[in-house]
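First comes the structure, then the notes that go with it.
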Amino acid sequence: MNKTPYFISTPIYYPSDRLHIGHAYCTTIADAIARFQRLAGKDVFFLTGSDEHGQKIQRKAAEVGQSPIQYVDHIVASFQMLWEKLGISNDDFIRTTEKRHHEVVQAIFQKIYDQGDIYKAAYEGWYCTPCETFWLERQLTDGKCPDCGRPVEMVQEESYFFRMSKYQDRLLKHIEDHPEFIQPVSRRNEMINFIKQGLEDLCVSRTTFDWGIPVPFDRKHVVYVWFDALTNYITAAGYLHDPEKFAKFWPADVHLVGKEIVRFHSIIWPIILMALGVELPKKVYGHGWLVVEGDKMSKSKGNVIDPVLLIDEFGADAIRYFLLREINLGQDGNFSRDALIKRINSDLANDLGNLLHRTLNMMQRYNGGVMGQAEAPTTADEPLLTLAKATPFRYRTMMENMDINGAIKEIWQLIGRANKYIDETEPWKLAKDPAQSARLDRVLLNLLEVLSMVSVLVEPFIPTTSGRIRGQLGLPLAVTAEDLTALDGFGTVGAIQPGHRTGKPEPIFPRIEEKTEDEAAMEKVEPAAAKPATAAPAVPEQKTIPAVAPEGTGEISIDDFAKLDLRTAIVTAAEKVEKTEKLLKLTVDLGTEQRTIVSGIAQFYTPEDMVGRTVILIANLKPAKIRGIESHGMLLAASNADKSALSLITAPNLPAGCKVK
Ligand code: MSP
């Protein structure tokens with residue numbers, strides 16, 4: 001039987017910099033949907049990639065003295081490494097610098113020109129290079145880019161223009177006739193308003209730089225980067241190169257994009273397709289932004305979160321789970337380390353981890369890991385079994401509607417019910433009475449069946465964990481479309497038969513010792529004060545101290561000690577770091593220079609206490625960014641084991657800059 005095709009894409013990201021957690025958020029959502037659609041029996045084509053041309057990339061490359069291709073090759077490799085680490089199951093990765101893409105862009109530019117929808121004229125207007133967007137004077141906000149708020153540049157050049165205005169009414173009608181085309185509905189309304197204000201013809205070529213695809217009939221021009229980038233979706237689907245594939249996968253089922261680029265995908269892109277006579281994508285979904293403490297992530301604010309570091313610390317599934325569970329797809333959501341740790345501990349370690357662990361433990365203790373002949377269910381089993389029967393349908397409906405958050409809540413409701421069922425049925429009492437052995441088997445069977453269901457349903461979100469759960473349950477590791485279908489017959493077709501063997505319980509998510517953001521930040525600044533000398537510090541840059549300690553003895557040589565540049569410094573100014581409990585920002589005078597230090601001592605010293613003190617500073621410690629402030633050095637302090645008392649090491653009678661030996 002031919003499977004129904006399903007095409008989902010992410011935006012192709014700019015390789016102007018490494019990707020942050022916001023990009024990982026978008027790709028994780030797309031991955032969860034792609035994985036779900038595969039489980040639902042579809043033939044899925046999941047596409048992501050990189051948008052490599054344009055003025056921004058050319059400038060960035062020049063800044064570091066590289067050619068654009070050298071520059072992007074390196075960054076694109078980091079994208080691919082990130083997606084692998086995060087368990088992203090994309091079927092293709094398109095780079096706009098590939099030959100297959102150049103050919104398509106040039107062919108469609110030529111076609112649209114030949115039919116008279118692209119014409120040459122003079123362009124004069126504003127350009128935002130970070131967004132690669134043209135703006136009219138009246139569209140600017142306080143003279144800046146209305147999207148990103150950064151300065152715009154005046155552009156005056158000969159350009160080719162695309163007759164967008166000609167297609168305005170057709171596009172509006174399409175949007176009005178297809179309520180599902182732009183989602184969520186708030187974005188749809190924004191787009192309708194935007195189009196009703198009147199569409200200008202779009203400048204689709206540039207002449208003042210050359211990092212782009214040449215216009216085929218006029219080599220002075222390169223194709224405007226958004227015209228080039230949007231085309232990636234049909235290139236990868238096989239347009240012009242693989243008609244069979246194109247007929248199968250086009251139109252795309254959903255272009256998943258961030259809310260700031262819905263306009264490009266629901267106005268410019270459909271009009272390009274209309275001009276080509278190609279069907280429009282079925283849906284453009286604009287997801288919300290991930291913000292950090294309510295603030296947009298940006299390098300200048302120093303609040304950019306690196307997903308690679310997070311995955312190394314917590315594991316890919318924990319990050320995936322957090323992103324998918326914590327944030328409602330259409331809305332902005334907040335990322336915080338505290339919230340991440342809370343989710344891991346409560347949902348993954350506690351709810352899911354405990355259910356698996358308790359069940360398998362009881363299987364080992366009471367049944368030697370072998371399922372017995374269970375008696376028929378009783379009324380005591382009904383609440384759990386009724387919920388389990390209803391869950392797959394609700395889950396499917398939510399996933400089809402891209403309500404990922406809702407689908408995850410459904411699964412966790414079932415997990416919660418199953419944990420409660422253990423408390424209600426008290427299997428430890430049943431185990432003491434041989435006459436109750438078939439009843440005990442029923443309780444264990446229900447729990448195993450529910451866990452088997454959970455292992456299927458969570459696969460799109462936490463694929464590695466799904467396999468680990470299945471391994472422990474004694475089921476085939478990979479989940480298939482047949483497994484999801486079988487859940488519809490829950491209670492009639494059992495995954496677990498008498499004689500089935502389960503494995504030994506292994507913790508799937510160890511609890512994370514809860515640290516507040518302040519504590520984590522404090523460790524970054526003051527590892528020596530908070531930890532014994534041989535402990536590993538929290539941040540890699542500070543590896544200098546333990547690295548010199550020979551393993552096991554904790555001894556260092558005098559030469560090792562001499563590597564520390566310890567000096568007296570006088571605190572000249574002090575203030576609390578906003579929105580933190582434990583951090584003080586200090587200005588210290590070293591005699592030869594002033595330094596800024598962030599120190600986790602605010603619970604023990606007020607800013608007033610600090611001004612005028614002569615403290616001891618590790619002056620040659622690599623600077624670290626803490627809460628967006630560059631801290632250059634570390635104060636010495638001693639604290640007791642539970643960190644309830646802390647005392648700074650001071651040198652009251654000495655001037656600034658004295659060496660401590
Ligand atoms: N290259 C264009 C897209 C071309 S698609 C034909 C581009 N690239 S980008 O690198 O800036 O990536 C933008 C996308 O990354 C957003 O649309 C969104 O999906 C994702 N995100 C970037 N920052 C994000 C957050 N802070 N939060 C959530 N998603 C974020 O625009």
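The values are calculated or read from the model by the stated rules, or taken from the named source; none is laboratory data. All of these numbers come straight from a predicted model, not from anything done at the bench. Note: ideal-geometry Cβ built from the backbone for every residue, glycine included; neighbour counts use all protein chains shown. We work out accessible area using only protein heavy atoms, side chains counted, and drop any ligands, DNA or RNA first. Shrake-Rupley method; radii C 1.70, N 1.55, O 1.52, S 1.80 Å.
Annotations for the structure displayed:
- Being within 16 Å of the ligand (Cβ to nearest atom), within 14 Å of residue 159 (Cβ to Cβ), of a type outside the set (Gly, Ala, Ser) and in contact with a strand residue (DSSP E or B) (Cβ under 9 Å, 6 or more places away or on another chain) is a property that does not hold for residue 119.
- Just one of the listed residues (49, 65, 54) is surrounded by fewer than 16 Cβ atoms within 10 Å (Cβ to Cβ), modelled with pLDDT of 95 or more and more than 8 Å from the ligand (Cβ to nearest atom), and it is 65.
- Scan of the stretch 110-123 for residues that are outside any loop (DSSP other than H, G, I, E, B), crowded, with 17+ Cβ neighbours inside 10 Å and of a type in the set (D, E, K, R), ordered by number: none
- Matching option when the condition is surrounded by 15 or more Cβ atoms within 10 Å (Cβ to Cβ) and at pLDDT below 95, among 126, 83: 126
- Among the residues making up the stretch 223-266, those that are more than 12 Å from the ligand (Cβ to nearest atom), of a type in the set (Asp, Glu) and surrounded by fewer than 19 Cβ atoms within 10 Å (Cβ to Cβ) are 242, 244.
Residues checked against (1) open to solvent by 10 Å² or more (accessible area, probe 1.4 Å); (2) within 28 Å of residue 263 (Cα to Cα); (3) modelled with pLDDT of 95 or more; (4) within 13 Å of the ligand (Cβ to nearest atom):
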| site | (1), (2), (3), (4) |
| --- | --- |
| 280 | yes, yes, yes, no |
| 284 | no, yes, yes, yes |
| 292 | yes, yes, no, yes |
| 298 | yes, yes, no, yes |
| 303 | yes, yes, no, yes |
| 311 | yes, no, yes, no |
| 315 | yes, no, yes, no |
| 323 | no, yes, yes, yes |
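- Test: residue in the stretch 591-599 that is open to solvent by less than 40 Å² (accessible area, probe 1.4 Å) and within 17 Å of residue 657 (Cβ to Cβ): yes
- Within the stretch 13-27, the set of residues being near the ligand (Cβ under 8 Å from one of its atoms) and open to solvent by 20 Å² or more (accessible area, probe 1.4 Å) comprises 14, 20, 23.
- At least 1 residues being without any contact (Cβ under 8 Å) to a residue 12 or more places away in the chain and open to solvent by 30 Å² or more (accessible area, probe 1.4 Å) is the threshold, and among the helices (runs of 4 or more DSSP H) wholly inside the stretch 420-488 those reaching it are 427-430, 481-487.
- Being within 15 Å of the ligand (Cβ to nearest atom) and either closer than 29 Å to residue 131 by Cα or in contact with a helix residue (DSSP H, G or I) (Cβ under 8 Å, 6 or more places away or on another chain) (or both) is a property that residue 327 has.
- Enumeration of residues in the stretch 141-168 that are in a strand (DSSP E or B), open to solvent by 40 Å² or more (accessible area, probe 1.4 Å) and of a type in the set (Asp, Glu): 153, 158
- Complete set of residues in the stretch 627-643 that are crowded, with 19+ Cβ neighbours inside 10 Å and more than 23 Å from residue 660 (Cα to Cα): 627
- Flag if residue 336 is in contact (Cβ under 8 Å) with a residue 60 or more places away in the chain, within 30 Å of residue 579 (Cβ to Cβ) and under 34 Å from the mean Cα position of the chain (by Cα): yes
- Residue count for the stretch 499-520 under the criterion of being at pLDDT 95 or above and open to solvent by 70 Å² or more (accessible area, probe 1.4 Å): the result is 1.
- Annotation: residue 362 fulfils all but one of (1) in contact (Cβ under 8 Å) with a residue 60 or more places away in the chain; (2) outside any helix (DSSP H, G or I); the unmet one is (2).
- Of the numbered criteria (1) modelled with pLDDT of 95 or more; (2) under 21 Å from residue 231 (Cα atoms); (3) in a loop (DSSP other than H, G, I, E, B), the one residue 209 fails is (1).
- Restricting attention to the stretch 365-382, the residues that are part of a helix (DSSP H, G or I) and open to solvent by 60 Å² or more (accessible area, probe 1.4 Å) total 4.
- Counting only residues that are outside any strand (DSSP E or B) and in contact with a helix residue (DSSP H, G or I) (Cβ under 7 Å, 6 or more places away or on another chain), the stretch 564-605 holds 5 of them.
- Subset tally (residues that are assigned to a loop (DSSP other than H, G, I, E, B) and crowded, with 20+ Cβ neighbours inside 10 Å) for the stretch 606-626: 2
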